[in-house]
Amino acid sequence: MYGRRSKIDPLWNSFVLGGVTPASPSNPTPTPFLGYVDLLGVTYQSSTIATGFGLHLAQPLLRKAVEGREHELSEAEAREILEGCMKVLFYRDARSLNRFQIATIDAKGVKIDEPKSVPTSWGFAEGLRGYGPQTQ
């Protein structure tokens, strides 16, 4: 990325990096790591990270649900939070699909789940007026 940026031809990517820092003599317990880097080389670490449209819609939801209780969350709770965020993103982004994958990273390794969908309902849209082919 740095080489392309130096040639004024950056890769237009944002990367989310996740992993576990292994145990060491100075740090006896493995430590989770979640980091971000963008096309300009801006980096940071946080307990919640999102990119693209998720940065605007999902990140506030993630912060509200996670920050301050990172070490208390169970995997089931974390998945429920992620599925809720993905549902919000699907409803709000006309370019999205209702399919996603969740990766779990822990001291044992990485597990990538099969693609899944969250149940959605568009019944609420029947009463909306002013969009699409509906007549007033």
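The values are calculated or read from the model by the stated rules, or taken from the named source; none is laboratory data. These numbers come from a predicted model, not from an experiment. Neighbour counts run over all protein chains shown; Cβ positions are idealised from the backbone, glycine included.
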Point to revise | Selection from the stretch 51-72 of residues that are in a helix (DSSP H, G or I), out of contact with any helix residue (DSSP H, G or I) (no Cβ under 7 Å at 6 or more places or on another chain) and closer than 15 Å to residue 92 by Cβ | key: 55, 56, 59, 60
Review point. Residue check, residue 111 against (1) closer than 22 Å to residue 18 by Cα; (2) in contact with a helix residue (DSSP H, G or I) (Cβ under 8 Å, 6 or more places away or on another chain); (3) basic (Lys, Arg), all met but one. Which one?
Key: (2)
Review point. Taking the stretch 17-43 only, how many residues are of a type outside the set (A, V, I, L, M, F, W, C) and more than 20 Å from the chain's Cα centre (by Cα)?
Key: 9
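Quick grid of which residues meet (1) modelled with pLDDT of 90 or more; (2) closer than 24 Å to residue 124 by Cβ:
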site	(1), (2)
13	no, no
19	yes, no
29	no, no
34	yes, no
49	yes, no
79	yes, no
84	yes, yes
93	no, yes
**Study point:** Lone unmet requirement of (1) modelled with pLDDT of 90 or more; (2) of a type in the set (D, E, K, R); (3) more than 27 Å from residue 108 (Cβ to Cβ) for residue 69
**Key:** (3)
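Mind telling me which of the residues 93, 38, 9 ends up being surrounded by fewer than 12 Cβ atoms within 10 Å (Cβ to Cβ) and among the acidic types (Asp, Glu)?
On the way: 93 fails: surrounded by fewer than 12 Cβ atoms within 10 Å (Cβ to Cβ); 38 fails: surrounded by fewer than 12 Cβ atoms within 10 Å (Cβ to Cβ).
So the residue among 93, 38, 9 that is surrounded by fewer than 12 Cβ atoms within 10 Å (Cβ to Cβ) and among the acidic types (Asp, Glu) is 9.
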Check your understanding: Under the condition of being surrounded by 12 or more Cβ atoms within 10 Å (Cβ to Cβ), outside any loop (DSSP other than H, G, I, E, B) and not aliphatic (A, V, I, L, M), which residue from the stretch 96-115 is farthest from the chain's Cα centre (by Cα)?
Key -> 106
Check your understanding: Does the stretch 1-25 hold any residues that are in a loop (DSSP other than H, G, I, E, B) and of a type in the set (A, V, I, L, M, F, W, C), and which are they?
Key -> 1, 8, 11, 12, 23
